[in-house]
Amino acid sequence: MDRREHLGAGPEHWNTVHGKRRPEELTWFEATPRRSLELIERSGGTTVSRVLDVGGGSSRLCDALIEAGFLGVTVVDISAAALAHVRARLAGAVGRVTLVEADAGAHRGDRPFDVWHDRAMFHFLLEDSERERYVAAMKANLAPRGHAVIATFGLRGPEMCSGLPVCRYGPGSLGAALGDWLEPLAFEDEMHATPAGGAQHFVYGLFRRND
């Protein structure tokens, strides 16, 4: 796949990342995605809500949502290796989540989602054209009055991740990058503790579609 045809780095890069290290060794690993779950709950998400986790990789958010009784969870990621970790981990419960190997900017669901979730994908999009394609995918997939939970590296976060440069955001710049079709409802800071004992500054935003 040509670099211009996908968001962020291509599948080769991310298959290498997920193939060389176990999920719990990756810097962004969370045993329990507590803040994401709290913001999905604050959005009004219930077990019948359709949740799309873009760039979800081997995240355990889908596990937590399944355990909470959610029935419509979809994970989209460009890395087959990342999704293989999820399939192996969920075992008999894998049928309760839809796993899609695809570029998040190209994915279109069969019907709208109530919640768009992204933890640590958006900050890899360096070009305006990439961010515009991401927003177009959000608009195509998010239901009217649907909510988005988006977490990126904050202004005190790292400048590089997984060998790639990233963009860092504060509440104002994150909202501006996404556009005024999303109404910001809340922002929260988090100092994420990495498996190696480091700290990464994240900013989480909760938004509602208002166009």
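The values are calculated or read from the model by the stated rules, or taken from the named source; none is laboratory data. Here the structure is a predicted model, which is why all the values come from computation and not from measurement. Heads up, the Cβs are rebuilt from the backbone with ideal geometry, glycines too, and the neighbour counts pull from every protein chain shown. Protein only, heavy atoms only, side chains kept; ligands, DNA and RNA dropped before computing areas. Shrake-Rupley method; radii C 1.70, N 1.55, O 1.52, S 1.80 Å.
Counting only protein heavy atoms and a probe of 1.4 Å, the accessible surface of segment 146-211 is 54% carbon and sulfur. Compactness of the chain was expressed as the Cα radius of gyration divided by 2.2 N^0.38 Å, which yields 0.93. For segment 132-146, the Karplus equation 6.51 cos²θ - 1.76 cosθ + 1.60, evaluated at θ = phi - 60°, returns couplings of 5, 5, 4, 4, 4, 5, 4, 4, 6, 9, 8, 5, x, 6, x Hz by residue, with Gly and Pro reported as x.
The phi torsions of segment 11-17, fed into the Karplus equation with coefficients 6.51, -1.76 and 1.60 and a -60° offset, translate into couplings of x, 4, 4, 6, 5, 5, 4 Hz, rounded to whole numbers, with Gly and Pro shown as x.
Roughly how many Å² is the accessible area per residue of segment 29-149, as a whole number, for a 1.4 Å probe? If you can, show how the numbers build up before the last one.
Details: 4940 Å² over 121 residues.
Per-residue accessible area for segment 29-149 comes out at 41 Å².
Here's how it looks for L185: its modeled amide H is under 5 Å from those of L206, F207, R208, which are all 5 or more places away or on a different chain. Take every pair of alpha-carbon atoms less than 8 Å apart whose residues are at least six positions apart; their mean separation over the length of the chain yields a relative contact order of 20 percent. For D53, nonlocal amide neighbours, meaning residues 5 or more places apart or on other chains whose placed amide H falls under 5 Å from its own, are T74, V75, V76, H117. Here the accessible area is traced with a 1.4 Å probe on the protein chains. For segment 42-112, carbon and sulfur cover 52 percent of it.
Shown in residue order for segment 57-68 are the 3J(HN,Hα) couplings computed by the Karplus curve 6.51 cos²θ - 1.76 cosθ + 1.60 at θ = phi - 60°: x, 9, 4, 8, 4, 5, 4, 5, 5, 4, 4, 7 Hz (x for Gly and Pro). Checking every one of the trypsin sites (Lys or Arg not before Pro) in segment 75-182 against DSSP loop status and a limit of 11 other Cβ atoms within 10 Å picks out R108.
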